[in-house]
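The values are calculated or read from the model by the stated rules, or taken from the named source; none is laboratory data. Since the model is a prediction, treat every value here as computed from it, not as a measurement. We place every Cβ from the backbone using ideal geometry, glycine too, and count neighbours over all the protein chains shown.
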């Protein structure tokens with residue numbers, strides 16, 4: 001059992017120059033009494049004796065110079081100072097529990113946490129399903145999940161702020177290794193009536209210069225590449241993700257490229273129209289899981305890598321169903 005003696009400068013917390021030292025046992029006893037409303041119930045929760053819990057809380061009060069509990073009623077209740085102190089205690093105990101779990105993970109050689117970054121091209125249901133099924137089998141390793149857009153996932157990985165990303169990958173970068181998870185078709189689309197002329201496949205960038213283009217905001221602090229599919233000179237609006245981009249396009253406020261998995265129903269029923277053609281070719285991107293090639297990986301990270309590598313593709317876009325869509329050049 002992790003046992004820590006905690007020292008706080010009294011002046012910082014209570015306006016006193018005294019120094020208080022107390023243990024996690026005393027804080028846990030105080031927390032249990034507050035939550036259960038009595039010493040006996042707290043003792044049962046902690047599998048301790050009633051005198052042990054009573055003594056621990058009394059010692060804590062003496063050390064702090066505070067009356068934390070009102071013992072005058074049938075149920076023990078925290079005083080005003082006790083309520084304020086208890087809020088801090090709960091935060092500290094949560095941190096102590098995480099520290100205990102982390103120490104146990106280190107003892108058996110497994111990671112306490114894996115940091116995974118999901119990119120803007122991810123179809124969330126299948127990708128989250130893959131991650132969920134894996135981490136359900138590894139409950140002692142916490143999944144720290146983040147979302148980044150455009151080149152943000154790459155920056156997180158290369159700056160060692162992520163263990164794994166799921167996104168498109170610059171496969172020429174020798175610092176990364178990857179496993180392909182599927183293919184994502186990006187389709188240029190408009191809402192009916194957005195253009196004052198028919199959206200034919202021979203549209204040129206010059207004809208689209210007068211219309212607002214919606215683009216994703218790169219979440220990287222130092223973007224690694226210029227914007228994609230941009231029409232020079234056209235007015236632009238930026239959004240953080242494809243869901244917001246889709247809404248702007250549906251409402252006739254802009255046009256833009258969207259993942260086909262996100263707009264299949266709208267393409268079928270005519271709420272969105274593809275303008276893919278010679279000048280605005282749709283592109284198919286590889287969706288991949290990637291990690292640093294030049295860094296060691298723990299046992300849980302290795303098992304996650306094998307888990308993802310052994311899965312069938314999460315998306316298999318059929319070519320030819322949307323005019324003008326073609327595979328990206330490699």
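Considering each of 63, 40, 83, 100 in turn, give the residue that is surrounded by fewer than 20 Cβ atoms within 10 Å (Cβ to Cβ) and touching a residue at least 60 places away in the same chain (Cβ under 8 Å).
100
Considering every residue within segment 215-230, establish whether at least one is part of a strand (DSSP E or B), farther than 28 Å from residue 161 by Cα and either within 21 Å of the chain's Cα centre (by Cα) or at pLDDT 95 or above (or both).
No, that holds for no residue.
May I ask you to list the residues in segment 231-251 that are out of contact with any strand residue (DSSP E or B) (no Cβ under 8 Å at 6 or more places or on another chain), assigned to a loop (DSSP other than H, G, I, E, B) and modelled with pLDDT of 95 or more? Explain how you work it out, then say what you get.
We begin by selecting, within segment 231-251, every residue out of contact with any strand residue (DSSP E or B) (no Cβ under 8 Å at 6 or more places or on another chain); these are 232-233, 243-244, 247, 250-251.
Those left that are additionally assigned to a loop (DSSP other than H, G, I, E, B): 232-233, 251.
Within segment 231-251, just 251 meets the criteria.
Check every one of the helices (runs of 4 or more DSSP H) wholly within segment 1-59 and list those with 3 or more residues that are at pLDDT 90 or above. Talk me through it step by step, then tell me what you get.
Details: elements: 10-14, 24-36, 39-46.
The helices (runs of 4 or more DSSP H) meeting that bar are 24-36, 39-46.
Restricted to segment 212-235, and to residues that are exposed (fewer than 13 other Cβ atoms within 10 Å of the Cβ) and in contact with a helix residue (DSSP H, G or I) (Cβ under 8 Å, 6 or more places away or on another chain), which residue is nearest to residue 254 (Cα to Cα)?
232
For segment 189-207: of the residues being modelled with pLDDT of 95 or more and in contact with a helix residue (DSSP H, G or I) (Cβ under 9 Å, 6 or more places away or on another chain), which is surrounded by the most Cβ atoms within 10 Å (Cβ to Cβ)?
That would be 189.
Of the numbered conditions (1) surrounded by fewer than 20 Cβ atoms within 10 Å (Cβ to Cβ); (2) under 21 Å from residue 157 (Cβ atoms), residue 279 fails exactly one; give the number of that condition.
With respect to (1) surrounded by fewer than 20 Cβ atoms within 10 Å (Cβ to Cβ); (2) under 21 Å from residue 157 (Cβ atoms), residue 279 is out only on (2).
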